[in-house]
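Nothing in this text is a laboratory measurement; each read-out follows from the coordinates by a stated rule. Quick caveat, the model's predicted, so the values are computed rather than measured. Every residue, glycine among them, receives a Cβ derived from its backbone with ideal geometry; neighbour counts consider all protein chains shown.
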Amino acid sequence: MPPVLPNLRVNVLFFGRVRELTGIAEESVELPNGTTLAGLFDRYAARFPKLAAFRASLVPSRNEEFASWDTPLTEDDTIAFLPPVSGG
Amino acid sequence: MSHIATEDDLFTLRRSPIDMAAIVRDGQDGAIVTFDGFVRNESHGRRTLYLEYEAYEPMALAKMKEIGQLIHEKFSIDRVAIVHRLGRLEIGETSVFIAVSAPHRAAAFDACRFAIDTLKRTVPIWKKEYFEDGAVWADGELPPAPPSAPKVAS
């Protein structure tokens, strides 16, 4: 039998155009251990096909810091997929 | 003059108008440079009705404080204030206000310019522009992507 990976739970936030596209501002999701930011995004892209086209124009954040897509997630992380910023 | 952020610095996100008179001078300073960014009445030739700003608030504040820390390190300045509005803003209302005080003007000019340029690239705030015939999220700038995560030894 393959080993059963424990799961982890993270909080995911959406802002701006991706909040409007998904209709989600915030949700908690359970994921297999070892999931990366890219893996989490792919789940959302499968759920919201229009989101896939946005990937090149998003930067992920993990716990309020910009992060690279290959960053593995850990329990209780707060993740966001940030569109290009337009403050000022 | 301080090379590190101090409790005299000010970083806020607010939904009510910015009181610029609250950004005061200090006796040891010789100059304050301010940047007042306000809502323009058009965008790419279309008449703007109003704007709405939203932020990832805790991260935006953290990034604003990082900018403060960075300009304290890079320039000979005394204090910095960075205030950004959120929510609906009408034409002409101040959306972002930055004030930098310093003993001498050159550092204050350079630091203020650096602060607004960096804010526009790195602080997670988004602007939606409302026109007579619809609304769009402003194009914006993609923050610089960090390097790949360090490989964890397995």
Exercise. Note the angle between two axes, namely the Cα long axis of helix A:37-47 and the longest principal axis of the Cα atoms of chain A, as a number of degrees from 0 to 90, rounded to the nearest 10.
Key: 80 degrees
Quiz prompt | Within segment B:104-119: backbone nitrogen closer than 16 Å to the B:Glu73 label point (7 Å, Cα to C-beta) | solution = B:111, B:114-115, B:118-119
Quiz item: So for the pair A:Asp70, A:Ala53, with labels modelled 7 Å out along Cα→Cβ, what separation do we get in nm?
Solution: 2.9 nm
Quiz item: Relative to the Cα centre, what is the charge dipole magnitude of segment B:60-145, using +1 at the beta carbon of each Lys and Arg, -1 at the beta carbon of each Asp and Glu, and rounding to the nearest 20 debye?
Solution: 360 debye
Exercise. Would you calculate the separation in nanometres between label points at B:Thr6 and A:Glu27, each defined as 7 Å from the Cα along the Cα-to-beta-carbon direction?
Key: 4.9 nm
Quiz item: Expressed as a rounded percentage, what relative contact order does segment A:1-68 have, with Cα pairs under 8 Å and six or more residues apart?
Solution: 26 percent
Exercise. Determine the sum of side-chain charges near B:Leu13: Lys and Arg each +1, Asp and Glu each -1, restricted to other residues whose C-beta is under 13 angstrom from that of B:Leu13.
Key: +3
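Considering only Cα-Cα distances, which of the following residue pairs are longer than 24 Å: B:Lys65/B:Lys127; B:Lys74/B:Lys120; A:Lys50/B:Lys65? Walk me through the numbers on the way to the answer.
Working: B:Lys65/B:Lys127 21 Å; B:Lys74/B:Lys120 18 Å; A:Lys50/B:Lys65 34 Å.
Listed pairs above 24 Å: A:Lys50/B:Lys65.
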Quiz item: When the Cα centres of segment B:31-95 and segment B:107-151 are compared, how far apart do they sit, in Å?
Solution: 10 Å
